[in-house]
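Structure record follows, encoded as structure tokens.
The values are calculated or read from the model by the stated rules, or taken from the named source; none is laboratory data. Computed from a prediction, not measured in an experiment: that's the story for all the values here. Every residue, glycine among them, receives a Cβ derived from its backbone with ideal geometry; neighbour counts consider all protein chains shown.
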Amino acid sequence: MKTYLVTGGAGFIGSNFIHYMFQKYGDDIRIINLDKLTYAGNLENLKSVEDRENYAFVKADICDWEAVNRIFQENDIDRVVHFAAESHVDRSIKDPEVFVKTNVLGTLVMLNGAKAAWELPDGTFKEGKKFLHVSTDEVYGSLDEDGGYFYETTPYAPHSPYSASKASSDMLVKSYMDTYKFPANITNCSNNYGPYQFPEKLIPLIINNALQGKKLPVYGDGKNVRDWLYVEDHAKGIDMVMEKGRLFETYNIGGHNEKQNIEIIHIILNTLREMLPEGDGRRKLVKDSLITYVEDRKGHDRRYAIAPDKIKKEVGWLPDTRFEDGIRRTIQWFFENEEWMKNVTSGNYQKYYEEMYQI
Ligand code: NAD
Ligand code: TDX
């Protein structure tokens with residue numbers, strides 16, 4: 001039975017990954033979830049797995065060497081899936097420091113914990129161990145509107161403090177692979193969407209605001225392009241890279257699903273109108289006139305797009321979910337989890353929202 005150490009498992013992608021893995025492997029794996037529970041971490045995301053005997057939660061900071069090392073010393077960890085990070089570009093523009101601490105120093109601590117536990121006296125590593133570092137396509141910078149795709153060979157050119165910190169963490173992982181032959185993979189994925197996403201990111205923010213008849217903030221001209229990936233497809237890709245990916249390789253994971261932000265907003269508004277039952281009071285709140293153009297994000301990358309050729313060829317992964325279906329599943333999830341949304345948007349979220357958006 002393999003033991004997984006998942007960092008950031010209480011966040012959006014991490015919690016979806018944990019659900020995916022238990023659905024797929026049931027009692028045949030063990031998962032330890034290490035999470036600091038920042039504003040983005042939420043144990044409500046994991047309610048349905050918390051009583052499993054093959055699941056454990058540890059509240060700790062990935063920058064805390066004692067805590068990280070203890071987990072590695074007390075458990076025979078086979079796989080590390082490293083999600084924990086500060087993940088929101090807008091927050092990184094306001095306060096870069098915590099991004100460097102968590103994303104760079106935290107990754108270093110995780111690498112050292114795994115290295116100390118897995119390295120043999122002759123400098124090689126125990127058989128079958130692997131560290132999978134989850135990163136982003138933002139490390140590659142920005143593409144022109146008609147300017148091709150990001151490939152694994154595209155030079156790094158991060159622009160925001162967030163993407164610079166993720167690029168630094170990738171470089172550290174690469175340096176451990178090159179220097180020590182440390183058994184790892186890096187995955188760089190495009191924008192995820194789906195259940196449990198915190199409403200500071202575009203899609204859940206638009207769904208939440210539209211259902212309350214609140215303004216829908218669009219940065220700049222609304223024509224920036226993102227390549228949207230359904231989170232469950234991403235979880236599947238990570239598992240497949242862990243099982244089939246060649247050691248020391250990087251794999252880009254993208255949805256082949258490019259859309260302008262303004263298109264996304266129109267799709268959400270139309271889908272909400274279609275899905276809300278007749279007589280539901282929220283129907284009359286969902287209006288195109290809520291769309292409000294606001295000041296552009298500083299340094300706003302124009303376009304991201306991944307050509308996921310390598311992962312398709314070497315690992316056999318392809319995105320399964322069409323955007324039309326993924327967005328309906330996501331909206332349905334938000335309909336069924338109003339309480340979740342109420343809980344995450346109470347308290348500090350209001351303060352964040354008011355400071356961020358003067359609309
Ligand atoms: P998230 O912000 O929803 O979750 C991050 C999780 O990490 C939270 O549970 C938080 O409590 C935890 N965390 C933060 N700092 C920590 C620390 N110091 N110690 C321990 N835990 C800490 O993020 P997400 O959207 O789920 O992203 C997960 C990973 O995927 C990140 O590494 C991110 O860079 C990467 N990624 C995300 C996307 C996306 O579209 N969301 C796209 C590409 C890559
Ligand atoms: O209110 C908004 N209005 C708006 O126009 C928000 C929150 C966003 N936007 C735009 C900015 C982007 O062009 O929508 C696009 C998507 O924005 P985010 O959801 O903040 O995502 P992005 O900045 O693209 O980064 C995401 O994908 C890559 C994740 O947050 C990162 O963690 C990941 O690495």
Hits in the range 99-133 (condition: out of contact with any Asp or Glu (no Cβ under 9 Å at 6 or more places or on another chain), in a strand (DSSP E or B) and among the hydrophobic types (A, V, I, L, M, F, W, C)): 131, 132
Residues within the range 31-80 that are assigned to a strand (DSSP E or B), without any contact (Cβ under 8 Å) to a residue 40 or more places away in the chain and more than 14 Å from ligand 1 (Cβ to nearest atom), tallied: 3
Among the residues listed as 128, 113, the single one being buried (at least 22 other Cβ atoms within 10 Å of the Cβ), at pLDDT 95 or above and more than 12 Å from ligand 1 (Cβ to nearest atom): 113
Hits in the range 36-54 - residues which are among the aliphatic types (A, V, I, L, M) and within 16 Å of ligand 2 (Cβ to nearest atom): 40
Filter result for residue 157 (assigned to a loop (DSSP other than H, G, I, E, B) and under 25 Å from residue 95 (Cβ atoms)): yes
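Residues are listed down the side, and each one gets a yes or a no for (1) outside any loop (DSSP other than H, G, I, E, B); (2) surrounded by 15 or more Cβ atoms within 10 Å (Cβ to Cβ); (3) among the small types (Gly, Ala, Ser):
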{"site": "269", "(1), (2), (3)": "yes, yes, no"}
{"site": "284", "(1), (2), (3)": "yes, no, no"}
{"site": "296", "(1), (2), (3)": "no, no, no"}
{"site": "301", "(1), (2), (3)": "no, yes, no"}
{"site": "314", "(1), (2), (3)": "yes, yes, no"}
{"site": "317", "(1), (2), (3)": "no, yes, no"}
{"site": "333", "(1), (2), (3)": "yes, yes, no"}
{"site": "342", "(1), (2), (3)": "yes, no, no"}
{"site": "353", "(1), (2), (3)": "yes, yes, no"}
Within the range 75-110, considering residues that are more than 21 Å from residue 182 (Cα to Cα) and away from ligand 2 (no atom under 16 Å from the Cβ), the one surrounded by the fewest Cβ atoms within 10 Å (Cβ to Cβ): 97
Residue check, residue 84 touching a residue at least 12 places away in the same chain (Cβ under 8 Å) and under 26 Å from residue 158 (Cβ atoms): yes
Some residue of the range 47-64 being within 16 Å of residue 132 (Cβ to Cβ) and surrounded by 15 or more Cβ atoms within 10 Å (Cβ to Cβ): yes
Only one of 174, 201 that is away from ligand 1 (no atom under 13 Å from the Cβ) and under 21 Å from the mean Cα position of the chain (by Cα): 174
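Quick grid of which residues meet (1) under 21 Å from residue 72 (Cα atoms); (2) polar (S, T, N, Q); (3) not in a helix (DSSP H, G or I):
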site	(1), (2), (3)
135	no, yes, yes
176	yes, no, no
186	yes, no, yes
204	no, no, no
Considering residues of the range 228-261 that are of a type in the set (A, V, I, L, M), assigned to a helix (DSSP H, G or I) and more than 13 Å from ligand 1 (Cβ to nearest atom) only, the residue surrounded by the fewest Cβ atoms within 10 Å (Cβ to Cβ): 240
